[in-house]
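To start, the structure under review is shown below, and the notes come after it.
The values are calculated or read from the model by the stated rules, or taken from the named source; none is laboratory data. As the structure is a prediction and not an experimental result, all values here were calculated from the model. Backbone-built Cβ (ideal geometry, glycine too); neighbour counts: all protein chains shown.
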């Protein structure tokens, strides 16, 4: 019998063993693989099609994003409202998220309803029409939203830092303007969709609690699709700005300063990438970070400040972002570089080191809870060309990293002259 007078033993996350649930590969008769993870309690599933249709693939600024947002605007057989009603009828969600490199078509539904949704998904992928009347409505709304957002310092800062880091002509750094929407036509959207949303190019991920009927239905509706081999080529030249300290007045009467400090960084397969992920969390990647403790808790300059690594395939980047009062923006920048200097010159204390290890590993425990979260971890590995070995190596590095390694990384990568330093008011 449980003795409630005794407190349970408290174990630290660093003491746990981490196991990533195994993935199964179900191959359709045509050879098209589907990555599956069957499990959970509720009869719900997630089905993701990941295409090489991100912003990098654009031949005209704005097209990838518009294609993603308008994918469900109609086929030759069904109008937009009919498609929306069908997904509503089955209690399912449908959405397309477009990133820098990839686009993900995501469907969430009850397991028993997925076989009825698959022919609709196939129809959309094969026959999306992007009718002009729907496109005109979208363009009008998008231009209105853009006009409002351009007045906001944080929106301008996010646009401009990418431009400075990657170059205004590179897809990662291009900024859409109202006139770009005017030149987008239905035919251009169809051409892009037909080229980049070919099902044979997709990585398909199925997770949740599902029966054999779901796999049979996938075979029925996608079993004729041939796998299209080949990797996307990343060869567009990046022309970063030569000016690194930039101050922009977007609103003369503005009271807020949007700070973005960033630098080019390593690709994911570099030996320093995993340990730098640890450094990033310690520096600005969680609520107890160095930046948060100094600039929010001690100085009171901001409500929040964070750093993160960009998830892009052609040369990465590391970013620090916060919004402060206009009058303290320069002081906040000074404190950010001061915290970099501290990491270069002072080794991290053992107590803080253990705290960050437990935070990272404790967060990972939550990210491995159930088939949906485990599948997200597998997706990250597969889409970046890694195997489970990468996951195991990261866990080992997080557990074993030493203060001296963090200091060496800081001395190598946290040099003030390497960073773009932008404030937009």
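Observations
- Residues in the range 1-35 that are crowded, with 18+ Cβ neighbours inside 10 Å and under 19 Å from residue 389 (Cα atoms): 23, 35.
- On inspection, residue 348 qualifies as crowded, with 19+ Cβ neighbours inside 10 Å, touching a residue at least 12 places away in the same chain (Cβ under 8 Å) and assigned to a loop (DSSP other than H, G, I, E, B).
- Test: residue in the range 192-207 that is surrounded by 15 or more Cβ atoms within 10 Å (Cβ to Cβ), out of contact with any strand residue (DSSP E or B) (no Cβ under 9 Å at 6 or more places or on another chain) and outside the structural domain of residue 264 (by TED's automatic domain parsing): yes
- Among (1) surrounded by fewer than 21 Cβ atoms within 10 Å (Cβ to Cβ); (2) without any contact (Cβ under 8 Å) to a residue 40 or more places away in the chain; (3) touching a helix residue (DSSP H, G or I) at 6+ places or on another chain (Cβ under 6 Å) - the single one residue 361 does not satisfy: (2)
- The set of residues in the range 253-270 that are surrounded by fewer than 12 Cβ atoms within 10 Å (Cβ to Cβ) and either assigned to a strand (DSSP E or B) or more than 18 Å from the chain's Cα centre (by Cα) (or both) comprises 253, 255, 270.
- Residue 230 being part of a loop (DSSP other than H, G, I, E, B) and free of Cβ contacts under 8 Å to residues at least 40 places away in the same chain: yes
- Residue selection: residue 77 satisfies the criterion of being closer than 30 Å to residue 132 by Cβ, in a loop (DSSP other than H, G, I, E, B) and more than 23 Å from the chain's Cα centre (by Cα).
- In the range 154-170 there is at least one residue that is over 28 Å from residue 36 (Cβ atoms), out of contact with any strand residue (DSSP E or B) (no Cβ under 8 Å at 6 or more places or on another chain) and loosely packed, with under 15 Cβ neighbours inside 10 Å.
- Conditions (1) in contact with a strand residue (DSSP E or B) (Cβ under 7 Å, 6 or more places away or on another chain); (2) closer than 19 Å to residue 51 by Cβ; (3) crowded, with 17+ Cβ neighbours inside 10 Å; number of the one not met by residue 125: (1)
- Restricting the range 224-252 to residues that are surrounded by 14 or more Cβ atoms within 10 Å (Cβ to Cβ) and under 23 Å from residue 123 (Cα atoms), the residue that is farthest from the chain's Cα centre (by Cα) is 225.
- Condition check for residue 281: surrounded by 17 or more Cβ atoms within 10 Å (Cβ to Cβ) and under 30 Å from residue 194 (Cα atoms): no
- Per-region count, the range 406-418, residues touching a helix residue (DSSP H, G or I) at 6+ places or on another chain (Cβ under 6 Å) and assigned to a helix (DSSP H, G or I): 5
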